[in-house]
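Heads up, the thing below is written out as structure tokens.
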Amino acid sequence: MTPSVTVSHRGEERIRAGHPWVYRSDIIAVEHAGAGEIVRVVSGRGGRHRPLGCALYSDRSEIAIRMVSRAEERIDDAFWRRRLERAIEYRRQLDVAATDTTAYRLVHGEGDLLPSLVVDRYGDYLVMQALSQGTDRLQSAFVRHLVDLVQPRGVLARNDPRVRLLEGLEQKVELLHGEVPEQVFVREAGVEYEIDPWHGQKTGLFLDQRENRLAARRWARGRLLDCFSYHGGFALALAGQCDTALALDISEDAVARIRANAARNAVRNVDARTANVFDELREFDRAGETFDTIVLDPPAFAKSKPAVAKAAAGYKEINLRAMKLLAPGGILVTCSCSYNVDEEMFGAIVQRAAADAHADMVLVDKRIQGRDHPVLIGVPETYYLKCLILRKAGE
Ligand code: SAH
């Protein structure tokens, strides 16, 4: 018997609107479907069992099915290979190599019609994440195709994100192919970074900010303050345009990495300090310091809906203080990677911060995550990173 799942009217409407997820509450019946299996999805409306496509099934997550096709087709090995080929082809079109870049996202889950699968490329190595029962079950097939299509020297599974627990899957990091060292060197727009794919945050780098770092380069100047710097991404990308750069991060390991990366690139005007940005901004304000360029790239303050109010207060505070610290004509690059704080809400927070700081801020660029992290229209969950570049008007 073919495994199948019958969805409610509301589930059907979601699928028709182009969203790949159907929640458990919109599932009417599950037949012969085991954890992570590929299922036929049928409409429960009018008892006609009209086919709606095919999906990955989870017997644990609130997201019960993730659509992979809205046609009735065979979801076999060749199907997955084609999907991976499309994702790789799209990155070729982006031509990231033209900017002297060897690290970028090769597969961005739903945005590449490969729900709950992430593959990042770090030069000769691939780091992947299987974030649902479905992709976990298919993991070895993905590795086989990726090895064939990309010929990496190694493939590592960073299957340690907490979302795996919602799927009843264990958190683990394991080598799936070849070898992957703890020290890998990559380049992003000509800047060389050392990353540790085994232990670094995410899969090693915050690749989603690549295009925004480049865009900020056009505006950066004078005295730069890079807040929440991690491995120095913005500081190193902008240092060439600035007189001095100060990078702040709360993690000592991250700060050590910023210093090492600065030395590796022979960038001499970057200073890095272990600090809590909230305290430091207050301190700078008290001391009457000013900066010409400030970057705010905090971690996701709102990891869930209930956390939104507190997150909004956090975003407002750092933005308000940064605007006060900016010299006239100064540039603020302000970001939010909280999916739960959407573009509109983030814009409103930044606007309130400007009002309270008595700063006239001009929006010079409004940006999202890099195009190697594609946003699928109709799937708001694929759009999470907002980046505004603002200029402080006035004399
Ligand atoms: N801007 C970075 C990515 C930032 S990720 C890039 O371009 O690559 C967020 C960083 O904020 C993490 O490195 C984390 O250690 C740091 N962080 C979290 N809370 C902090 C705080 N209160 N003060 C300073 N750094 C903090």
Note down all Cβ pairs under 6 Å where the first residue falls in the stretch 367-395 and is under 22 Å from Arg86 (Cα atoms), the second is among the aromatic types (Phe, Trp, Tyr), and they're at least six residues apart or on different chains.
-> Asp372/Tyr104; Val375/Tyr383
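For the stretch 210-236, which positions are assigned to a helix (DSSP H, G or I), more than 8 Å from the ligand (Cβ to nearest atom) and either free of Cβ contacts under 8 Å to residues at least 40 places away in the same chain or not basic (Lys, Arg) (or both)? Can you show your working first?
Within the stretch 210-236, the first condition is being assigned to a helix (DSSP H, G or I), and the residues that meet it are 210-217, 233-236.
From the residues that got through so far, the ones that are more than 8 Å from the ligand (Cβ to nearest atom) too are 210-212, 214-217, 235-236.
Passing the criteria: Glu211, Asn212, Leu214, Ala215, Ala216, Arg217, Ala235, Leu236.
Among the residues of the stretch 345-395, what is the count of those that are among the small types (Gly, Ala, Ser) and either touching a His at 6+ places or on another chain (Cβ under 8 Å) or on the phi > 0 side of the Ramachandran plot (or both)?
The initial filter retains those residues of the stretch 345-395 that are among the small types (Gly, Ala, Ser), namely 347-348, 353-355, 357, 359, 370, 378, 393-394.
After this cut, where a residue has to be either touching a His at 6+ places or on another chain (Cβ under 8 Å) or on the phi > 0 side of the Ramachandran plot (or both) as well, the list is 378, 394.
Going through the stretch 345-395 one residue at a time, the tally reaches 2.
With respect to Lys366, determine if the residue is of a type in the set (Lys, Arg) and open to solvent by less than 10 Å² (accessible area, probe 1.4 Å).
no
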Pair list, Cβ < 6 Å and 6+ apart or interchain, from the stretch 66-92 residues that are among the polar types (S, T, N, Q) to residues that are open to solvent by less than 60 Å² (accessible area, probe 1.4 Å) = Ser69/Gly53; Ser69/Cys54
Among the residues of the stretch 274-300, write down those that are open to solvent by 40 Å² or more (accessible area, probe 1.4 Å) and near the ligand (Cβ under 10 Å from one of its atoms).
-> Thr274, Asn276, Phe278, Asp279, Pro299
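Out of the residues in the stretch 240-257 that are part of a helix (DSSP H, G or I) and touching a Lys or Arg at 6+ places or on another chain (Cβ under 9 Å), state the one that is farthest from Asp292 (Cα to Cα).
Of the residues in the stretch 240-257, the ones part of a helix (DSSP H, G or I) are 240-241, 252-257.
From the residues that got through so far, the ones that are touching a Lys or Arg at 6+ places or on another chain (Cβ under 9 Å) too are 240-241, 255.
Values: Gly240: 14, Gln241: 11, Val255: 22 Å.
The selected residue is Val255.
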Taking the stretch 44-77 on its own, how many of its residues are touching a Leu at 6+ places or on another chain (Cβ under 8 Å), under 16 Å from Ile28 (Cα atoms) and open to solvent by 30 Å² or more (accessible area, probe 1.4 Å)?
-> 2
Mind checking which pairs have a first residue in the stretch 167-194 that is over 21 Å from Phe234 (Cβ atoms) and a second that is surrounded by 14 or more Cβ atoms within 10 Å (Cβ to Cβ) and polar (S, T, N, Q), Cβ under 6 Å, 6 or more apart or different chains?
-> Glu167/Ser58; Glu167/Ser61; Glu167/Ser132; Glu167/Gln133; Lys172/Asn159
Would you be able to tell me the number of residues in the stretch 82-96 that are within 12 Å of Leu114 (Cα to Cα), surrounded by fewer than 17 Cβ atoms within 10 Å (Cβ to Cβ) and of a type in the set (Lys, Arg)?
-> 2
How many residues of the stretch 187-203 are crowded, with 22+ Cβ neighbours inside 10 Å and out of contact with any helix residue (DSSP H, G or I) (no Cβ under 9 Å at 6 or more places or on another chain)? The answer is 2
Any pair with Cβ under 6 angstrom, 6 or more apart, that starts in the stretch 125-153 at a residue that is without any contact (Cβ under 8 Å) to a residue 12 or more places away in the chain and ends at one that is open to solvent by 10 Å² or more (accessible area, probe 1.4 Å) = none
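Tally the residues that are open to solvent by 10 Å² or more (accessible area, probe 1.4 Å), on the phi < 0 side of the Ramachandran plot, without any contact (Cβ under 8 Å) to a residue 60 or more places away in the chain and more than 13 Å from the ligand (Cβ to nearest atom), restricting the search to the stretch 244-266.
3
Yes/no matrix, rows are residues, columns are (1) over 22 Å from Asp292 (Cα atoms); (2) crowded, with 22+ Cβ neighbours inside 10 Å; (3) touching a Ser or Thr at 6+ places or on another chain (Cβ under 7 Å):
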residue: Ala309; (1), (2), (3): yes, no, no
residue: Lys316; (1), (2), (3): no, no, no
residue: Val333; (1), (2), (3): no, yes, no
residue: Ser336; (1), (2), (3): no, yes, no
residue: Tyr339; (1), (2), (3): yes, no, no
residue: Met345; (1), (2), (3): yes, no, no
residue: Ala354; (1), (2), (3): no, no, no
residue: Val362; (1), (2), (3): no, no, no
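Any residue at all in the stretch 354-364 that's closer than 25 Å to Gly232 by Cβ and touching a strand residue (DSSP E or B) at 6+ places or on another chain (Cβ under 7 Å)?
Step one: of the stretch 354-364, the residues closer than 25 Å to Gly232 by Cβ are 364.
After this cut, where a residue has to be touching a strand residue (DSSP E or B) at 6+ places or on another chain (Cβ under 7 Å) as well, the list is 364.
Yes, because at least one residue in the stretch 354-364 is closer than 25 Å to Gly232 by Cβ and touching a strand residue (DSSP E or B) at 6+ places or on another chain (Cβ under 7 Å).
Name the residues in the stretch 266-308 that are part of a strand (DSSP E or B), within 21 Å of Gly347 (Cα to Cα) and among the polar types (S, T, N, Q), would you? Give the steps one after another, and end with the answer.
First pass over the stretch 266-308, keeping only residues part of a strand (DSSP E or B): 270-274, 291-296.
Going one step further and asking which of them are within 21 Å of Gly347 (Cα to Cα), we end up with 293-296.
Passing the criteria: only Thr293.
The values are calculated or read from the model by the stated rules, or taken from the named source; none is laboratory data. These figures come from a predicted structure and were not determined experimentally. Virtual Cβ from ideal backbone geometry, glycine too; neighbours counted across all protein chains shown. Areas reflect the complete protein model, heavy atoms only, side chains present, ligands, DNA and RNA absent. Shrake-Rupley method; radii C 1.70, N 1.55, O 1.52, S 1.80 Å.
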